[in-house]
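Here's the structure, in structure tokens; my notes come after.
The values are calculated or read from the model by the stated rules, or taken from the named source; none is laboratory data. Model, not experiment: these values are computed from the prediction. Note that we place each Cβ from the backbone using ideal geometry, even for glycine, and neighbour counts take in every protein chain shown.
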């Protein structure tokens, strides 16, 4: 069984495209081979800046012959139908066979496809892959019609078995497949031939090309950290940059450079960002001071002077870049030390959304909401309001204009330079968090307050203008904002009513003249002039709270909480208090994971079903009046006692929001309820006894539904 080796050799492939191109090459070729009837043992794809390569091991030498029988129209069918069937089957009409069928005679086509050699199939599949390769961007060159990410120079395509290596006959747009490739552009530019994948990889390495991206990355990281360690320094880890740099070089040469002393007082994040974005340099930090003092660059060539010329040139370019950064920093510091007023004023000219006003308008809303939220989060209201007013001031700074990814972080530096408290400065950076499911959640009360206000204003604002996420579309990241609120509330154990703050935000938006409040709302009926805003707000708040509940279900599902458990708790009063809702859900889930809890649910459902059927039949509601004196059976009396005891525990526990105690007490009803249904006939002949027993079932329903809506549980 032969092994297949493919290489597509071109001008430099952008580093960001290489990993996906490897995956696409592997999938398209192997899928095509399998569809054509070939099998293989394993496949692996590789990339360097100038080549994509694929190795397929133990490929079958040829596909099997195939014989297929296809049933067609009845004999006597219109000629066009018969001709169409024959054409679709790829046979002549005269070759069709007539066979007896249950409903008469029909035509059958016998299709025989002989096996094909691997060479023939590989050539066909590879040509289709090259011509239809899904590059994000591609180009044409010269007079040809082929499109590739960069001009394609050569195709290597070999099948190797015990008899040796043979080239697969293939030509694409004038490029004939062969068995030759080239090494490093400068250090080993001559062509050489290969016989197998092992021979290919070994000869490439001798020609100064490391084929495997992970090997290049490991080499870069190990050499960089070793050089830094020798000077008592450490390389700042950046896996994304490491992967990108590994895609820029075929033969990495790691060089350690020095940053000019005049730039060492810049914030380390500024140095790191500038070097990464503009130069693709790694930052090297002094662990004793936390300052970025050196950099690592990766060259693609070995030089006689051990990279001194390359390093010198890089240091000159870096100094020019950092001079710009220092200019921005010095200018920004002057504004910050004067209170950041000009930045705040300029935000009046920055539109947040054409229907929601400027960034300055938004800041005013966030500040007002932060002041309201402060008592809940434990923050000082004045400090929280000040933090909210300053948190986005750095959006107008020169540094953030140059490096938008530093927003928030630079705000922290500037707030500290303005003499603000540590809490206010921290809020400038932390109020954006959490940015995703793995991002940290702020814990400082002021930061939590501003983060909540920021996200709640975003959500209520877009709900006010009816710009909600639809399907997979969420252009304003509202799902992320809702998840951020959920995590801020739960991970800081905050007790707050979301509806209260929805209404506050809606009022401010209405007073600013923002939002389409009085368009037709299907749930708002019989409005009076004094109730219009209140009722419309309630409709919007209900919609937004449902959105939060949907996000909460996703969040809790990842923590193992059943969806029906969440639904059972959402149906209870106070469902806009997320911390309360989650404590209830976790307590119910824990109860259901016990035998008593699971069996109690079955007992409750049995009681509820009997009671519901009786109420429908009798046209009355059995909701009160169960009296112990009408109890005739021991199990009946025992259930009265158990319900009394459970209620005595459940009522105070629910008042204290101690759901664990309440649900444990509820679960203890399992035994008395089981015995009641075993020993007692609910539909007794005596009307008085029957009514009393139905009212007793009503007590079961009432007590159980006081902790959660158990009717929403599955099973």
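Brief remarks follow.
- Residue within segment 686-698 that is touching a residue at least 40 places away in the same chain (Cβ under 8 Å), in the same structural domain as residue 602 (by TED's automatic domain parsing), under 53 Å from the mean Cα position of the chain (by Cα) and over 17 Å from residue 613 (Cβ atoms) present: no
- Filtered by the rule that a residue be part of a loop (DSSP other than H, G, I, E, B) and at pLDDT 95 or above, segment 1-39 gives 11, 12, 13, 14.
- Exactly one residue out of 487, 514 is in contact with a strand residue (DSSP E or B) (Cβ under 8 Å, 6 or more places away or on another chain), in the same structural domain as residue 540 (by TED's automatic domain parsing) and either crowded, with 16+ Cβ neighbours inside 10 Å or not in a helix (DSSP H, G or I) (or both), and it is 514.
- The residue of segment 588-608 that is modelled with the lowest pLDDT, among those that are crowded, with 19+ Cβ neighbours inside 10 Å and more than 14 Å from residue 708 (Cα to Cα), is 603.
This table checks each residue for (1) assigned by TED's automatic domain parsing to the domain that holds residue 291; (2) in contact with a strand residue (DSSP E or B) (Cβ under 7 Å, 6 or more places away or on another chain); (3) more than 30 Å from residue 23 (Cα to Cα).
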{"position": "218", "(1), (2), (3)": "yes, no, no"}
{"position": "222", "(1), (2), (3)": "yes, no, no"}
{"position": "226", "(1), (2), (3)": "yes, no, yes"}
{"position": "231", "(1), (2), (3)": "yes, no, yes"}
{"position": "246", "(1), (2), (3)": "yes, no, no"}
{"position": "256", "(1), (2), (3)": "yes, yes, yes"}
{"position": "267", "(1), (2), (3)": "yes, no, yes"}
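- Cβ pairs under 8 Å, 6+ apart, first in segment 463-476 and on the phi > 0 side of the Ramachandran plot, second surrounded by fewer than 15 Cβ atoms within 10 Å (Cβ to Cβ) and assigned to a loop (DSSP other than H, G, I, E, B): 466/516; 466/519
- Sole residue being touching a residue at least 60 places away in the same chain (Cβ under 8 Å), more than 38 Å from the chain's Cα centre (by Cα) and not in a loop (DSSP other than H, G, I, E, B), chosen from 156, 126: 156
- Candidates 476, 506 - the one that is under 21 Å from residue 360 (Cβ atoms), assigned to a loop (DSSP other than H, G, I, E, B) and in contact with a helix residue (DSSP H, G or I) (Cβ under 9 Å, 6 or more places away or on another chain): 476
- One residue alone among 286, 261 is surrounded by fewer than 20 Cβ atoms within 10 Å (Cβ to Cβ), touching a strand residue (DSSP E or B) at 6+ places or on another chain (Cβ under 6 Å), farther than 30 Å from residue 53 by Cβ and not assigned by TED's automatic domain parsing to the domain that holds residue 182, and that residue is 286.
- Residue check, residue 671 closer than 14 Å to residue 603 by Cα and either in the same structural domain as residue 591 (by TED's automatic domain parsing) or in a helix (DSSP H, G or I) (or both): yes
- Filtered residues of segment 640-668 (kept if under 22 Å from residue 684 (Cα atoms) and touching a residue at least 60 places away in the same chain (Cβ under 8 Å)): 643
- Residue 165 assigned by TED's automatic domain parsing to the domain that holds residue 27, farther than 21 Å from residue 21 by Cβ, surrounded by 13 or more Cβ atoms within 10 Å (Cβ to Cβ) and in contact with a strand residue (DSSP E or B) (Cβ under 6 Å, 6 or more places away or on another chain): yes
- Residue match in segment 278-286 (condition: touching a helix residue (DSSP H, G or I) at 6+ places or on another chain (Cβ under 9 Å) and modelled with pLDDT under 95): yes
- Within segment 40-58, the set of residues being touching a helix residue (DSSP H, G or I) at 6+ places or on another chain (Cβ under 6 Å) and either part of a helix (DSSP H, G or I) or closer than 15 Å to residue 159 by Cα (or both) comprises 43, 54, 55.
- Among the residues of segment 300-316, none qualifies, meaning not one is touching a residue at least 24 places away in the same chain (Cβ under 8 Å), in contact with a helix residue (DSSP H, G or I) (Cβ under 6 Å, 6 or more places away or on another chain) and either part of a helix (DSSP H, G or I) or on the phi < 0 side of the Ramachandran plot (or both).
- Candidates 306, 324, filtered to the one that is exposed (fewer than 13 other Cβ atoms within 10 Å of the Cβ) and more than 30 Å from residue 489 (Cβ to Cβ): 306
- Helices (runs of 4 or more DSSP H) enclosed by segment 543-656 - at least 3 residues per element that are in the same structural domain as residue 668 (by TED's automatic domain parsing): 578-592, 595-618, 634-655
- If you go through segment 490-503 and keep only what is closer than 18 Å to residue 447 by Cα and in a helix (DSSP H, G or I), you end up with 490, 491, 501.
- Candidates 86, 109 - the one that is on the phi < 0 side of the Ramachandran plot, free of Cβ contacts under 8 Å to residues at least 24 places away in the same chain and not assigned by TED's automatic domain parsing to the domain that holds residue 32: 86
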